Amino acid sequence: MVERATAELLGVGSGQAHTSAADRPAAIEVRQAAPELSVVVPCYNERPNIAPLVLRLEAALAGVGWEAVFVDDASPDGTAAEVLAIAVSDQRVRCIRRIGRRGLSSAVIEGALASSAAFVAVMDGDLQHDETRLPAMLALLRSGAADLAVGSRHAAGGDAAGLGSAWRHRLSELGIRVARAFLPVPLSDPLSGFFMLPRPLFDRLAPRLTGTGFKILLDLLLAAGKGVRVVEVPFVFRPRLAGESKLDLLVSIQFAAVLIDRLFRGILPLRFLAFACVGAVGILVNLAALGVFTKLAGLGFEWGQGLATLAAMLVNFELNNRITYRDQRLKGRKLWQGRALFVLVCGFGAIANVGIAGMLYRRHAGWTLAGAAGAAIGVVWNYAVSATLVWRAR
Ligand code: GDD
Ligand code: MN
């Protein structure tokens, strides 16, 4: 039976073989069922945690057909090599290695889409999530009691003790409160990175995910709307033993960006919103620097404003390079070229801004309208041109 299937697959004896024998693999074993559960593990610099995690999954998932899909973004510590070393002798372990990319959410999305299991779990690769809760989550989905099982640190019986510092606790609580205001379903831990869902549900939601930042669960919940039945499974968030957390201020900003994107219902591209926010920061920098140059340093107004504008452009470039275009961040020689080009582009943007505003003002449009129109033209120009010239999509 297997041999016949193999022969059909190769087109042997069916008269459809147009390729030569050398083009085809020597033999294909086709009847290997997909596992029931795929555990997708995003990882960046988690080398020492990989082998212990595989052992823990093995113990926790005895009796379940499972696989672990590690999605690594070319970690410098050799995480991918570590996964591959285990995968050589363990079919259940797979590695997706992404080059020139970063991002937890997009790593999770690609890992989940690469699996062919009936259920997909997402779990951190640093041993902070309690793998012994996986069978309980799977049971909820198998029985149909839930469409989505979420590991919660805040449901009764759960604990967020492993969140290192006091400020991480506060940041997490604030994030949860903000996220809840947006959510269609009540949930005690919408920022959890530990959850499980049926693969078809993931497939249905995937095209609507933003893929930005850390909060993949939040993104899924927003895309799912009211219809999904979510059940929380309490777990204790363990402290991190090896390596360090990648959650920083920039990640928090991206989190805010995902929510803002939902507010605008995706009409304006997320990047443009980020670019505009950075522009708003630039105005503050410009005013502050103008004050310093004219009041403290005693420069004349024109000189002061000129230098303040330059300072604002340089700060904006830095912020855009780190936040708006984090995924295609310029480095080394390209960084200097980009910086110079950005100043040039924004210089033209400023000329357009002042020109349009002046024209409208002379036509009695009122200074607020004239100013706002000028600023809008300026930011659209800066965005459009710098997106194509400075941070050219590679
Ligand atoms: N592939 C890939 N690419 N993986 C990444 C990246 C990335 O850019 N950034 C982080 N990871 C991996 C880490 O290696 C780890 O396995 C997992 O994603 C979580 O990252 P941590 O840096 O350990 O996050 P955390 O412990 O601070 O945050 C956890 O708690 C948050 C709530 O407070 C995570 O579970 C978050 O998802 C959760 O929102
Ligand atoms: Mn962690």
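The values are calculated or read from the model by the stated rules, or taken from the named source; none is laboratory data. These figures come from a predicted structure and were not determined experimentally. Methodologically, a virtual Cβ is constructed for each residue, glycine included, from the backbone with ideal geometry; neighbour enumeration extends over all protein chains shown.
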- Query: Does any residue of segment 134-151 turn out to be in contact with an Asp or Glu (Cβ under 6 Å, 6 or more places away or on another chain), touching a residue at least 24 places away in the same chain (Cβ under 8 Å), of a type outside the set (Phe, Trp, Tyr) and more than 10 Å from ligand 1 (Cβ to nearest atom)?
  - Reply: yes
- Task: Consider Ala276 carefully, then state whether it is at pLDDT below 85 and either loosely packed, with under 13 Cβ neighbours inside 10 Å or in a helix (DSSP H, G or I) (or both).
- Result: no
- Item | Exclusive hit being in contact with a helix residue (DSSP H, G or I) (Cβ under 9 Å, 6 or more places away or on another chain) and within 11 Å of ligand 1 (Cβ to nearest atom), set Ala74, Ala81 | Ala74
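Can you find, within segment 103-132, the residue that is surrounded by the most Cβ atoms within 10 Å (Cβ to Cβ) among those that are charged (D, E, K, R) and within 16 Å of ligand 2 (Cβ to nearest atom)? Lay out the reasoning, then the answer.
Residues of segment 103-132 that are charged (D, E, K, R), as a first pass: 110, 124, 126, 130-131.
From the residues that got through so far, the ones that are within 16 Å of ligand 2 (Cβ to nearest atom) too are 124, 126, 130-131.
On the way: Asp124: 21, Asp126: 24, Asp130: 22, Glu131: 21.
By that ranking, first place goes to Asp126.
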- List the pairs whose first member sits in segment 290-306 and is among the hydroxyl-bearing types (Ser, Thr, Tyr), whose second member is assigned to a loop (DSSP other than H, G, I, E, B), and whose Cβ atoms are under 9 Å apart, counting only residues at least 6 apart or on separate chains? Thr294/Gly300
- Query: In segment 142-172, what count of residues is obtained for those that are at positive phi and either modelled with pLDDT of 75 or more or within 26 Å of the chain's Cα centre (by Cα) (or both)?
  - Reply: 1
- Could you list, in sequence order, the residues of segment 141-200 that are out of contact with any Pro (no Cβ under 8 Å at 6 or more places or on another chain), among the charged types (D, E, K, R) and away from ligand 2 (no atom under 15 Å from the Cβ)? Arg142, Arg170, Glu173, Arg177, Arg199
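Criterion first (of a type in the set (A, V, I, L, M, F, W, C), more than 22 Å from Ala34 (Cα to Cα) and surrounded by fewer than 21 Cβ atoms within 10 Å (Cβ to Cβ)) does Ala136 satisfy it? So that I can check it myself, show each step before the final result.
Details: of a type in the set (A, V, I, L, M, F, W, C): yes; more than 22 Å from Ala34 (Cα to Cα): no; surrounded by fewer than 21 Cβ atoms within 10 Å (Cβ to Cβ): yes.
So Ala136 fails the test.
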